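Read through the structure below, which is laid out as structure tokens, and then see the notes.
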Amino acid sequence: MKRRRVALVTTLVAFASMAGACTGDGIRIEVGSPTASGTPPATPSAQEPAATGLSADPVDTGEERALSAMRELCVSPTPVSTGGDDGVPSEPPAEVADVESQVEHVRGLEFRRPVVTQAVTADEIAGKLRDAFDETYPKAFYDRRSVAWQTIGVLPPTVTIRDALLAYQTGQVIGFYNPVDGELVYRADGDLDLVERLTLAHELTHAIDDQHFDLGRIDGIAGACRDEAFQAALGAVEGSAQFFSVKVLFEFPPADGDFSGLGGGGDLPDGIPPFVARTMLWPYTAGQSFITDLEARGGLDEVNGALVRFPMTTEQILHPDRYPSDRPTSVDVPDLSDELGPRWGDLDVMQVGEAWLSTMLGLRLDHGVAEAAAAGWDGGLYRAFTDGTDAAVVLVTAWDTSADADAFEQAAREWFAVGDVAGIVGRPSDAAVGLAISTSVGGRVRDVLERALTS
């Protein structure tokens, strides 16, 4: 009997980045999301900061501007071939050929060349992903980022990002398409069941999109560590695969009309914290809504346009009316290493968008409150520092209006109040909000962070 974890489809596109796992929007994640109540405190939380379970050496980037430091800290993932020795397409089985023609029909495109298609076992899929894992997720880079996320409070101190991603990929994925070698791998043992056929349609949509629009361009975005732009582009790519694979299902339903094989949902594998799980799922749920909106307003031409010109921000995915014209405001966090102390240096720099902030807030606040508080986003990044023992993070955000900034500030204060990480909330300007968190209880570090949020 096959083990199912998803209500629709769980797949993976092997793009070289953290967010490369494809899953469908039917998965159930049973996680707590307490709602804060009462008036948020006017002063920072007095709780002791949580200790992280990982350390990383400081990096002397010598860069005053955060984006310059981000480029210095970036370790580009290496796109890896997952194909066999020859990669020569063979004649696809009849049931695969049927799905190919169905994808062509709903997608309004034709395959330009045969797709290398492999039906494998779940263990073989896990093995392929495990073999490519170290190149796809460079350890030094993700160890540094794990410390930053642990310090912020979105990642438990006992789990690293790589731990979570490896658990996800080897325990959850039932298919992937790799644009590096054009290989499509899907789980099938015997005749295709409904989930496997939907998986195949999803991956074949990736393949046909790749042949027409070169989806491998997304690797260049990931390789530059432009996280917000990558997540937005992935939303368009995965949204297309979600939208058209579901369309295949309903335009070419099973002969017996039985869709019960798609129901039920399930739990995620052990070792995947809620923040990572939701970040991984976001491109498929939000992306499908984005593509649905584009198709409704301009048909296939509008959808194709989003794959030619990827969205720049997750805000554009969440608010399709802002695609493609809206541009975010640039924000910066200067180098605080000298002020923090002689042993301090850069740890990590990451661009954070509306989706990231909404997911962060949603870990502790009502999801409606979290989404509303992040909806006025107009720019953001964090810069993290370390002395090899302690870490400090300064996160600066820009907002469309002062009212939007007010809403995020209040939500951030509530977020700190109900959590176990001490934080400082400041207003560098009328339409900007800054957050600062440190594992150090020393007064000097706190003073430096407070000054950084008011300058």
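The values are calculated or read from the model by the stated rules, or taken from the named source; none is laboratory data. On a predicted model such as this, the values are computed, not experimentally measured, just so you know. Reconstructed Cβ throughout: ideal geometry from the backbone, glycine too, with neighbour counts over all protein chains shown. Please note that ligands, DNA and RNA were not included when accessible areas were found on the heavy atoms of the full protein model with its side chains. Shrake-Rupley method; radii C 1.70, N 1.55, O 1.52, S 1.80 Å.
For the pair residue 327 and residue 367 in one chain, pulling the backbone fully straight at 0.36 nm per residue adds 11.8 nm over the alpha carbon distance. Near residue 116, the amide H atoms lying under 5 Å from its own belong to 184; only residues 5 or more places off or on other chains count, and H is placed 1.01 Å from N.
Counted residue by residue at 0.36 nm each, then reduced by the alpha carbon distance between them, the extension gain from residue 68 to residue 301 reaches 80.2 nm. Between residue 418 and residue 140, the C-beta separation translates, for a Förster distance of 25 Å, into a calculated FRET efficiency of about 0.15.
Per-residue 3J(HN,Hα) values for the range 126-131, derived from phi via the Karplus relation 6.51 cos²θ - 1.76 cosθ + 1.60 with θ = phi - 60°, read 4, x, 4, 5, 5, 5 Hz in sequence order (x marks Gly and Pro).
A simple rule links phi to the HN-Hα coupling: the Karplus curve 6.51 cos²θ - 1.76 cosθ + 1.60 with θ = phi - 60°, which for the range 221-230 gives 5, 5, x, 8, 6, 8, 4, 5, 5, 5 Hz, with x for Gly and Pro.
A 1.4 Å probe run over the protein chains yields, for the range 160-272, 29 Å² of accessible area per residue, whole-number rounding. The calculated FRET efficiency for residue 55 paired with residue 158, based on their beta-carbon distance and R0 = 22 Å, is about 0.95. The calculated pair-distance distribution of the range 364-455 uses every alpha carbon pair, bins of 10 angstrom beginning at 0, and gives 17, 48, 29, 6 percent. Model label sites at residue 94 and residue 309, defined 7 Å from Cα along the beta-carbon direction, differ in position by 4.6 nm. Sequence-ordered 3J(HN,Hα) estimates for the range 367-382 from the Karplus curve with 6.51, -1.76 and 1.60 and θ = phi - 60° stand at 4, x, 5, 4, 5, 5, 5, 8, 5, x, 3, 9, x, x, 7, 10 Hz, glycine and proline given as x.
Counted residue by residue at 0.36 nm each, then reduced by the alpha carbon distance between them, the extension gain from residue 401 to residue 389 reaches 0.5 nm.
Label positions at residue 343 and residue 189, each projected 7 Å from the Cα along the C-beta direction, are separated by 5.2 nm. Within the shell defined by Cβ-Cβ distances under 15 Å, the residues around residue 302 carry a net charge of -1, with Lys and Arg each +1 and Asp and Glu each -1.
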